[in-house]
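What follows is a set of notes on a single structure, which appears directly below.
The values are calculated or read from the model by the stated rules, or taken from the named source; none is laboratory data. None of the values given here were measured: they were computed from a predicted structure. Don't worry about glycine lacking a Cβ; one is built from the backbone with ideal geometry, like all the others, and counts go over all protein chains shown.
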Amino acid sequence: MDINHKKAMIMMATYNGESYIKEQIQSLQKQTFKDWELYISDDHSTDHTLNILKDLQKEDPRIKKIITNNTQYHGAFANYFNLMRYVQTHCAPVDYYFYCDQDDIWDEKKISLEIKSMEKLEEKYGKTNPVFCYCDLEFYDKNGTDQHDKMSNHIRTQFIDNPYNSFFKDQYVWGTTIGHNFALWKLVNLGTSAQVKNNISHDVYLSKYALTYAQIAYIPVTLVKYRRTGNNVSGTPGVYTISNVLKKIINFNQIIDDAARNFWGTLFFAYHVPKKSEVIKDIKECFNNKGQKKFFNKYDVLKNESTLGKISTKVVLSTGLYKHSSIFKHERYK
């Protein structure tokens with residue numbers, strides 16, 4: 001297995017990341033796998049992020065393009081989709097695709113280990129078959145201090161063990177840990193900026209393609225130092241202490257809104273996929289109130305999750321409370 005003949009693309013969305021961006025790109029430059037290209041979309045940073053990026057680009061030709069999110073929709077989700085649309089439209093295919101947050105640090109073997117993992121799947125199932133890989137990550141504070149904690153401590157059921165959970169919750173796969181091949185990339189329908197706006201996170205959306213079409217591999221090693229700066233879009237999945245349970249009950253509207261965003265993304269996915277499948281048919285029926293119990297039983301959805309997590313998701317889904325969220329009142333998923 002010689003990965004040196006492979007080529008990778010890294011996509012990074014930035015916004016006011018001057019404090020961390022250089023260190024992250026340096027971690028990319030230290031990768032043992034060298035044949036990568038970096039594409040960046042900046043969401044109109046008001047600090048020195050763009051100047052830092054342009055200086056780094058002068059020194060490293062692998063930083064291919066820095067674009068600006070000039071759509072009318074802003075935020076981390078919209079910015080990533082802006083970049084992904086650019087890559088789909090303007091860039092030649094490569095073997096593997098990765099996604100990079102502006103404030104993390106990658107282990108120097110991250111790309112090479114994930115490519116090797118995906119190559120094994122391709123050797124087994126064929127190179128034209130979509131493959132998807134993700135790894136564990138460890139938490140650091142904004143100053144780069146190790147918190148001696150990792151994501152796998154907070155996930156009761158790994159994505160690879162029951163990927164169908166991702167139709168209903170968004171905590172299983174984080175974008176900075178993801179890699180996938182071109183066969184998966186060419187299936188992805190990104191919609192238009194007016195359709196998607198800032199409603200779907202790229203990692204959750206990609207995970208839905210993975211669970212439907214791809215062979216999946218998990219590397220149970222922390223290959224990313226995830227820096228929690230206080231401005232992160234993604235929160236850490238919670239541990240259900242009594243205090244946390246009470247907070248969730250008090251803030252049940254937030255549970256509804258979080259579920260609604262994921263459900264809307266699931267439906268947008270289901271109605272825009274290029275290839276139909278049994279699971280697509282089943283998920284549509286699930287949300288049409290014709291097969292919720294059937295779907296949960298057939299795919300063992302949330303089987304090993306916490307009691308509160310299961311109850312809250314099923315209540316929001318079965319009662320249709322999510323339809324009262326602003327995202328369902330104002331947005332069309334078909």
Open item on the list: Can you say whether Ile200 is aliphatic (A, V, I, L, M), outside the structural domain of Lys284 (by TED's automatic domain parsing) and closer than 21 Å to Ala259 by Cβ, as far as the supplied structure shows?
Closed with: yes
Open item on the list: If I filter the range 127-150 for residues that are among the small types (Gly, Ala, Ser) and at pLDDT below 95, do I get at least one hit?
Closed with: yes
Open item on the list: Looking at (1) surrounded by 16 or more Cβ atoms within 10 Å (Cβ to Cβ); (2) over 30 Å from Ile311 (Cα atoms), which one does Lys169 not meet, given that it meets all the others?
Closed with: (2)
Open item on the list: Looking only at the range 176-198, how many residues end up being within 13 Å of the chain's Cα centre (by Cα) and either at pLDDT below 95 or surrounded by 24 or more Cβ atoms within 10 Å (Cβ to Cβ) (or both)?
Closed with: 4
Task: Members of the range 149-166 that are in contact (Cβ under 8 Å) with a residue 60 or more places away in the chain, assigned to a loop (DSSP other than H, G, I, E, B) and not charged (D, E, K, R) - done: His154, Ile155, Thr157, Gln158, Asn162
